[in-house]
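The values are calculated or read from the model by the stated rules, or taken from the named source; none is laboratory data. These numbers were taken from a predicted model, which means no experiment stands behind them. Backbone-built Cβ (ideal geometry, glycine too); neighbour counts: all protein chains shown.
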Amino acid sequence: MNLRRGLRQPGATLTRRRLLVCLTLAFGAFAARTRAETKSKMARVGIVTPFTADPGPEDAYWRMLRQGLQERGWEEGKTIAFEHRHVGNFARLPSAVNEMIALEVDVMLTAGAPAALAAKGATDRIPIVFWADDPVGRGIVASLALPRGNATGIARQGPETYAKRIELLRQLSAGVSRVAIIDNPVLATPLALRQQRIPRGIDVFDVHIRAAEDLSSGFAVIAQRGVDAVLVGDTVTTWLLRTEILEGLTKARLPAVFGDVPWLALGGLITYGPNNLVLMRQVVIFIDKILRGAKPADLPVEQPMQFDLGINLTTAKTLGISIPRELLLRADRIVE
Amino acid sequence: MNLRRGLVVKYVAYFATLVSVVLVASSLLGMYLSYGKDRQILGQLQQERARSAALQIERFIQEIERHLARSTLPLIDMLTGSREEQRFELSKLLRQVPAIADAALLAPDGSELAYVSRLGLDAEGSGKDWTSDPAFVAARGGSTHFGAVHFRKETEPYLTIAAGGRSKVGPIVVTEVNLKFIWDVVSRIEVGTAGRAYVIDSNGYLIAHPDISLVLRKTDLSALSQVRAARMDSSANAAISMVADDRTSRSVLTSFAPIPALGWFVFVEQPVAEALAPLYATLWRTGWLLIGGLLLALLASVLLARHVVQPIRALQKGAGEIGAGNLDHRIAVDTGDELEVLAGEFNRMAAQLHASYAGLEAKVDERTRDLAVANRHKSEFLAAMSHELRTPLNAIIGFSDVLKRQMYGVLNPKQAKYAEVINTSGKHLLSLINEILDLSKVEAGKMELDISPFNLPAAVDNALALIRDRADIKSIAVDVRLDSRLDIAVADERRFRQILLNLLSNAVKFTPEKGSIAVASTRLGNAIEVSVSDTGIGIAPEDQATIFDEFSQLNGAQRSEGTGLGLALAKKLVELHGGAMRVESAVGKGAKFTFSLPQPETY
């Protein structure tokens with residue numbers, strides 16, 4: 001039989017075979033290249049913070065970050081690498097950011113508004129995941145729902161709890177009528193406080209601390225003004241000077257309220273603020289999504305869902321303060 | 001015969017087609033039915049998932065509602081109690097339900113007794129008026145109030161839940177619930193590997209999704225066809241499973257279940273490719289089984305066709321052998337059916353043919369023997385006749401001639417006339433005998449020709465001299481037109497003269513007085529042609545075919561004047577030379593006899 005189109009025609013067979021060979025080779029080359037690319041192209045996360053090289057208790061957060069990413073399939077040293085720049089000084093943030101840009105990291109994680117702003121000012125290409133208070137007010141993002149630009153992250157809402165913290169001091173002791181806020185004015189967080197409703201009958205004033213040398217004068221003012229209690233602000237400066245601040249407070253025998261839980265372990269009396277570990281889970285999701293191709297502009301800024309109240313009963317005892325039943329009931333963490 | 005398509009091919013085609021059609025039809029029908037059924041089951045499963053997801057979301061809200069109900073109970077007696085205790089109760093509520101961002105305790109008259117918030121400042125006895133607030137109004141009516149979903153800072157979804165008011169004096173708790181907490185519930189619902197569950201509010205806004213970013217972006221899904229379908233039929237029993245495009249235009253199998261109390265819809269979606277994967281796997285399996293079945297059918301068809309065709313081939317081969325004359329051949333078919341009977345019939349036919357042939361050959365042998373005997377008798381008769389008849393006939397002719405010449409005395413006229421008759425009749429009889437002898441010699445192949453060159457005009461003259469007297473008597477003119485180039489001819493001269501004489505005698509015989517006869521010769525290629533024409537009575541066309549037969553004479557011819565063998569002998573002699581004789585004539589128009597004699601080239 002004379003086939004009009006014979007499959008077994010020698011020419012056809014040759015062409016088909018050649019095509020098959022070409023396809024196989026092409027696929028092989030593609031697969032090899034992809035593998036090579038995966039191998040050579042390791043995802044790199046740059047971490048820029050103003051903290052000191054020794055992160056201390058923050059270690060828990062970094063561990064959580066690594067673990068979270070590992071759970072999402074990123075293996076450190078194989079598919080993901082971390083570049084750390086803990087500069088310990090705001091002035092060095094821009095150079096740290098530039099180093100990250102030079103390293104061509106795939107995503108930059110910044111702690112605090114200054115680091116976020118430094119990164120934002122240096123690149124509009126490398127995605128930034130920030131961890132900052134009031135990112136809209138600071139101009140890091142356009143809005144929480146639609147960040148636009150190359151940055152997204154966590155709006156920590158620390159200063160938004162300052163009034164609440166003062167209220168806690170009041171609930172701790174009805175006699176509290178004058179509260180000092182120790183914070184770095186450069187970072188402008190007290191401004192947010194000004195816009196908030198302060199519990200009635202409480203006199204609040206700022207003690208500005210830009211560096212360690214401001215502390216002695218600050219505590220002198222506190223002693224001078226007859227302060228009943230102290231609110232330690234959430235800026236990086238207070239954390240960098242944590243030992244000195246806690247020493248001063250102990251010396252002055254003043255009850256104080258802090259934002260982040262780590263203060264509790266160091267001897268802080270009360271902490272009230274967002275649960276950072278829950279937020280860190282969100283940071284992990286952000287980094288994972290961005291490394292898998294998501295655009296920061298499409299990822300709304302996350303706000304904390306959970307605010308934890310921590311009480312250090314040992315410190316309370318030292319200060320001779322009895323914690324009211326309501327506070328004990330509401331406390332999420334108690335150090336005894 | 002060269003078969004275009006053998007029986008095997010035909011049978012294979014028939015069997016395979018038959019089996020394949022049945023197999024394919026049944027498989028397709030089965031696939032169609034099972035596809036529809038499986039599809040339905042998948043849809044039902046998806047709906048069940050949606051219902052289960054809706055139940056989980058509903059349970060989350062109910063849990064909050066239950067806490068509200070529990071917290072209001074002890075407060076009933078505390079309406080007149082301390083404000084601190086009231087706030088404490090609210091704090092407890094916040095402690096128990098993390099999703100509640102803030103809570104207010106309202107007196108039955110709508111005034112705020114206490115307020116507790118996670119972010120804002122607490123309040124005691126602010127007396128704020130809630131009477132116009134829909135949450136208060138609904139809760140006052142005795143039912144739990146679920147407000148519309150609203151987005152704080154245009155990003156986080158919140159829901160107002162108010163409960164209480166079981167009695168006219170009971171307090172009311174109004175809470176703001178952060179719906180981001182549903183994320184935990186929604187992301188725990190597993191829908192295959194790439195599927196997901198999500199929740200939309202009555203306006204079509206996404207309020208819970210495993211990808212929280214979509215919720216925080218305040219994604220409006222009201223344009224999706226499945227959302228439109230859900231919002232159109234939000235009855236509690238509504239359960240639709242449909243294929244639609246999701247937010248990213250990916251084709252998904254989607255089902256929803258409403259949460260009537262909240263006006264929400266819980267959707268469960270799975271990419272069509274994944275949802276229908278088991279279905280496709282079944283189809284593939286059926287397809288492979290079908291292909292396997294078809295191959296088996298083809299194989300079985302080939303075997304069956306071969307089995308059926310084998311005895312037919314044996315029959316064909318056997319019939320061919322018999323047809324070719326091998327009548328001893330016997331066809332061996334052992335199938336126990338009609339084919340075996342047919343083979344038997346063939347064998348019987350071959351046997352009968354064989355027997356008939358054997359009889360026929362015997363008869364032929366017998367007849368041949370008879371013929372040989374007859375031939376011998378004929379030869380003997382002719383030999384006897386030539387000897388026994390010619391001897392007395394020569395005596396009759398010789399002595400009648402002596403008498404006629406009156407050598408032994410004068411005869412009276414009557415005696416002279418009778419002696420003349422005796423002499424003529426004797427000569428006639430002798431020539432008859434000679435002609436019979438010649439004819440029988442030619443027929444027996446014993447006539448030998450003496451082929452040699454001779455003078456053709458002399459031979460013609462010789463023959464003419466023998467009939468000239470008779471022609472003169474009838475005043476017949478004889479015209480001779482010989483080809484001047486033809487002097488010598490090569491043939492048996494005696495037989496040539498015999499042929500020509502015969503034709504001339506006939507011409508004289510059948511030409512009336514004062515007629516004419518013409519003799520002509522010519523060369524035609526490698527032969528000479530000699531013709532004798534007359535102006536005689538002619539021969540009718542129907543008689544022209546028989547005039548060369550032995551003892552054949554034309555009607556009306558004087559029988560005494562010829563033996564009826566002359567023309568037959570002449571023709572045979574011409575043919576013995578390798579030539580041919582023909583006649584052209586018409587009644588009343590005379591006749592022209594022409595004969596040709598081939599001439600050897602060497603002469």
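For A:V207, the requirement of being without any contact (Cβ under 8 Å) to a residue 60 or more places away in the chain, surrounded by 19 or more Cβ atoms within 10 Å (Cβ to Cβ) and not assigned by TED's automatic domain parsing to the domain that holds A:I140 is met. It is to be established whether one or more residues within the stretch A:288-303 are crowded, with 23+ Cβ neighbours inside 10 Å, charged (D, E, K, R), under 21 Å from B:W183 (Cβ atoms) and within 14 Å of chain B (Cβ to nearest Cβ). Yes: the stretch A:288-303 contains one or more residues that are crowded, with 23+ Cβ neighbours inside 10 Å, charged (D, E, K, R), under 21 Å from B:W183 (Cβ atoms) and within 14 Å of chain B (Cβ to nearest Cβ).
So, B:A53, is that one within 14 Å of chain A (Cβ to nearest Cβ), modelled with pLDDT of 85 or more and buried (at least 22 other Cβ atoms within 10 Å of the Cβ) or not? So B:A53 fails the test. Return yes when B:G164 is touching a strand residue (DSSP E or B) at 6+ places or on another chain (Cβ under 8 Å) and assigned by TED's automatic domain parsing to the domain that holds B:Q47 and no when it is not. For B:G164, the condition - touching a strand residue (DSSP E or B) at 6+ places or on another chain (Cβ under 8 Å) and assigned by TED's automatic domain parsing to the domain that holds B:Q47 - is met. Considering the stretch B:190-205, the residues that are closer than 13 Å to B:V149 by Cα and surrounded by fewer than 23 Cβ atoms within 10 Å (Cβ to Cβ) include one that is nearest to the other protein chains (Cβ to nearest Cβ), namely B:Y205. Output the residue which, of all residues in the stretch A:325-336 that are among the basic types (K, R) and under 28 Å from the mean Cα position of the chain (by Cα), is nearest to the other protein chains (Cβ to nearest Cβ). Filtering the stretch A:325-336 for residues that are among the basic types (K, R) and under 28 Å from the mean Cα position of the chain (by Cα), the one nearest to the other protein chains (Cβ to nearest Cβ) comes out as A:R330. Looking at the structure I just gave you, is A:A115 touching a strand residue (DSSP E or B) at 6+ places or on another chain (Cβ under 6 Å) and within 21 Å of A:W239 (Cβ to Cβ)? For A:A115, the condition - touching a strand residue (DSSP E or B) at 6+ places or on another chain (Cβ under 6 Å) and within 21 Å of A:W239 (Cβ to Cβ) - is met.
Scanning the stretch B:152-189 for residues that are crowded, with 17+ Cβ neighbours inside 10 Å, over 21 Å from B:R95 (Cα atoms) and either among the hydrophobic types (A, V, I, L, M, F, W, C) or more than 11 Å from every other protein chain (Cβ to nearest Cβ) (or both) yields B:G165, B:G170, B:V186, B:I189. Here is the figure for the stretch A:226-241: residues that are modelled with pLDDT of 90 or more and of a type outside the set (A, V, I, L, M) total 1.
Among the residues of the stretch B:276-291, the ones that are over 37 Å from the mean Cα position of the chain (by Cα), touching a residue at least 12 places away in the same chain (Cβ under 8 Å) and surrounded by 13 or more Cβ atoms within 10 Å (Cβ to Cβ) come to 2 in all.
Condition first: more than 22 Å from B:S440 (Cα to Cα), of a type in the set (S, T, N, Q) and surrounded by 14 or more Cβ atoms within 10 Å (Cβ to Cβ). Now tell me which residues in the stretch B:369-423 satisfy that. Hits for the stretch B:369-423 are B:S400, B:Q415, B:N423. Look at B:S26 and say whether it is closer than 30 Å to B:H307 by Cα, part of a helix (DSSP H, G or I) and away from every other protein chain (no Cβ under 14 Å). So B:S26 passes the test. A:S322 passes every criterion in (1) part of a helix (DSSP H, G or I); (2) more than 10 Å from chain B (Cβ to nearest Cβ) apart from (1). Among the residues here, B:S356 qualifies as at pLDDT 90 or above and either in a helix (DSSP H, G or I) or in contact with a strand residue (DSSP E or B) (Cβ under 8 Å, 6 or more places away or on another chain) (or both).
With respect to the conditions (1) modelled with pLDDT of 90 or more; (2) part of a strand (DSSP E or B), B:M242 falls short on a single one, namely (1). When the stretch A:108-143 is limited to residues that are farther than 11 Å from A:L299 by Cβ, assigned to a loop (DSSP other than H, G, I, E, B) and aliphatic (A, V, I, L, M), the one that is farthest from the other protein chains (Cβ to nearest Cβ) turns out to be A:I126. Exactly one residue out of B:V252, B:V272, B:V266 is in contact with an Asp or Glu (Cβ under 6 Å, 6 or more places away or on another chain), modelled with pLDDT of 85 or more and of a type outside the set (K, R): that is B:V252. Taken over the stretch A:250-281, the criterion of being assigned to a helix (DSSP H, G or I) and either under 12 Å from the mean Cα position of the chain (by Cα) or buried (at least 23 other Cβ atoms within 10 Å of the Cβ) (or both) is satisfied by A:W263, A:N276, A:L277, A:V278, A:L279, A:M280, A:R281.
Taking residues in the stretch B:473-485 that are in the same structural domain as B:S516 (by TED's automatic domain parsing), and partners anywhere that are part of a loop (DSSP other than H, G, I, E, B), the pairs with Cβ atoms closer than 6 Å and at least 6 places apart or on different chains are B:K474/B:E513; B:S475/B:E513; B:S475/B:K514; B:I476/B:T511; B:I476/B:G515. From the set of residues in the stretch A:151-175 that are at the interface with chain B (Cβ under 9 Å from one of its Cβ atoms) and part of a helix (DSSP H, G or I), which is surrounded by the most Cβ atoms within 10 Å (Cβ to Cβ)? The selected residue is A:T161. Determine whether the stretch B:212-227 contains at least one residue that is within 14 Å of chain A (Cβ to nearest Cβ) and within 24 Å of B:L42 (Cβ to Cβ). No; the residues of the stretch B:212-227 include none that is within 14 Å of chain A (Cβ to nearest Cβ) and within 24 Å of B:L42 (Cβ to Cβ). Residues of the stretch A:304-319 being among the β-branched types (V, I, T) and within 14 Å of chain B (Cβ to nearest Cβ), which ones? The one that is among the β-branched types (V, I, T) and within 14 Å of chain B (Cβ to nearest Cβ): A:I311.
Is one or more of the residues making up the stretch B:370-383 assigned to a helix (DSSP H, G or I), farther than 15 Å from B:L430 by Cβ and under 60 Å from the mean Cα position of the chain (by Cα)? For the stretch B:370-383, residues assigned to a helix (DSSP H, G or I), farther than 15 Å from B:L430 by Cβ and under 60 Å from the mean Cα position of the chain (by Cα): present.
Is it fair to say B:S452 is surrounded by fewer than 16 Cβ atoms within 10 Å (Cβ to Cβ), outside any loop (DSSP other than H, G, I, E, B) and at negative phi?
yes
Taking the criterion of being of a type outside the set (A, V, I, L, M, F, W, C), at the interface with chain A (Cβ under 10 Å from one of its Cβ atoms) and outside any helix (DSSP H, G or I), the residues of the stretch B:81-137 that qualify are B:P98, B:S117, B:R118, B:G120, B:D122.
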